[in-house]
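The structure under discussion appears below in the form of structure tokens.
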Amino acid sequence: MRIGVLGAGAWGTALAHVARSAGHEVQVWSRGGPLEALGRAQGLILAVPAQGVREVLLGLKSIVTNAIPLIIGAKGIERGSGLFMNEVVAEVLPAVEPMVLSGPSFAADVMTGLPTAVVLAAGKISHAHQWAEALSLPHFRIYASDDVKGVEIGGALKNVLAIACGISDGRALGDSARAALTTRGFAELTRFAGKMGAKPETLMGLSGLGDLLLTCSSAQSRNYSFGFALGEGKTVEQALAASRGVVEGAATVKIAQALARRHGVDMPIVDAVHAIVDEGKAPGQEIAKLLARPLRAEIT
């Protein structure tokens, strides 16, 4: 098939490599290039930063008018609208079929052929299976799902929680603290997903727990590394400037916290990251607030 990849960063390049290795004809678009070249594509892979998705889609509006699959590789929530990426796609390009690709995967691992497993979600499970088979490789295993919302929530919120774990490690609070943050963060993630109508079992899978475990424990994660820098005492501006690329969690946390409050979901770790990243609060102060929360039953 002819597959167009939007985005020539690390993740877009890795997904283009996957598509080529699976035997497809691949056209990669990078910022400043002619989008018209993607007009003949039979499928599109969207691998640009979440906050830039709408701009890229608007550029495609007069080019892509048929019902082709558009696989979303961006992980985040649009700040201005509070929409998830599949909702942005549906709003701007209503003719295409949005799918979501997510899971524990670093671009460098995919490029070098290290074993990786991800999940592809579509409105129709048969379509997810079809494209999973079309893009899977011996070292890049794709599972299918019909829970688009659940897969997107896992991908977006784990970035925010990874910042919290990075802050903890940057302050040298220890492995036990990171494990506790990851576990309680997962509880927040599942509460939020349930309120938003996602399937609980989705969050137990690759795009939820799997991606959370990877992102919360590795310096390869931009979000973790950003949080680590904050924990060491750098300002938000300094930590962003030192990042190797876009820190999706820093852009997502404000709207994630607003959505949680709107839907009545208790997310104290997300609240703390929002206070540090968006309100300039000191990490030590927010950690103290978390530790001072009333004791309660773990499972309610």
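The values are calculated or read from the model by the stated rules, or taken from the named source; none is laboratory data. Note that the coordinates shown come from a computational prediction; the quantities given were computed from them, not determined experimentally. Here the Cβ positions follow ideal geometry from the backbone for every residue, glycine too, while neighbour counts run over all protein chains shown. For the accessible areas, the whole protein counts, side chains as well, though only heavy atoms, and no ligand, DNA or RNA atoms are used. Shrake-Rupley method; radii C 1.70, N 1.55, O 1.52, S 1.80 Å.
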Q: Pop out the carbon and sulfur fraction of the accessible area of the chain as a percent, whole number, probe 1.4 Å.
A: 55 percent
Q.
Take Leu173 and Ser21, extend 7 Å from each Cα along the Cα→Cβ direction, and tell me the distance between the two endpoints in nm.
A. 3.7 nm
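If each residue of separation counts as 0.36 nm, what is the full-extension length gain between Glu55 and Ala180 once their alpha-carbon separation is subtracted?
Gain on extension, Glu55 to Ala180, equals 41.2 nm.
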Q. Okay, which of region 1-20 sit inside 16 Å, backbone N to the point 7 Å along the Cα-Cβ direction of Ala241?
A. none
Q: Could you pull out the pairs from Lys149/Lys199; Lys124/Lys149; Lys61/Lys254; Lys149/Lys195 whose alpha carbons sit more than 18 Å apart here?
A: Lys61/Lys254
Q | Quarter of Cα convex hull surface for region 1-116, i.e. mean projection, nm² | A | 6.8 nm²
Q: List every residue whose amide H lies under 5 Å from the amide H of Ile45, counting only residues 5 or more places away in sequence or on a different chain, with H placed 1.01 Å from N in the peptide plane.
A: Gly4, Val5, Leu6, Ile71
Q: May I ask you to derive the FRET efficiency for Arg31 and Asp278 from their Cβ-Cβ distance with R0 = 35 Å, giving the value to the nearest 0.05?
A: 0.85
Q. Exactly which trypsin sites (Lys or Arg not before Pro) in region 1-69 are in a DSSP loop and have at most 15 other Cβ atoms within 10 Å?
A. Arg31, Arg40, Lys61
Q: With the cut-off at 32 Å, report for the chain the share of all Cα pairs above it, as a whole percent.
A: 23 percent
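Rolling a 1.4 Å sphere over the protein heavy atoms, what is the accessible area per residue of the chain, to the nearest Å²?
Per-residue value: 43 Å².
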Q. Counting only residues 5 or more places away or on other chains, whose amide H sits under 5 Å from the amide H of Glu97 once H atoms are built in the peptide plane?
A. Ile68, Leu70
Q | DSSP-defined beta bridges in the chain - what % are antiparallel, rounded to 5 | A | 20 percent
**Q.** region 241-274 versus region 31-85: alpha-carbon centroid distance in Å
**A.** 23 Å
(Q) Suppose R0 equals 41 Å. What FRET efficiency, 1/(1 + (r/R0)^6) with r the Cβ-Cβ distance, do Asp266 and Gln220 give to the nearest 0.05? (A) 0.85
Q) Just how many % of Cα pairs in region 165-272 lie over 19 Å apart, if you round to the nearest whole percent? A) 46 percent
Q. If the label point is 7 Å along Cα→Cβ of Glu201, which residues in region 149-193 have backbone nitrogen under 15 Å from it?
A. 150-151
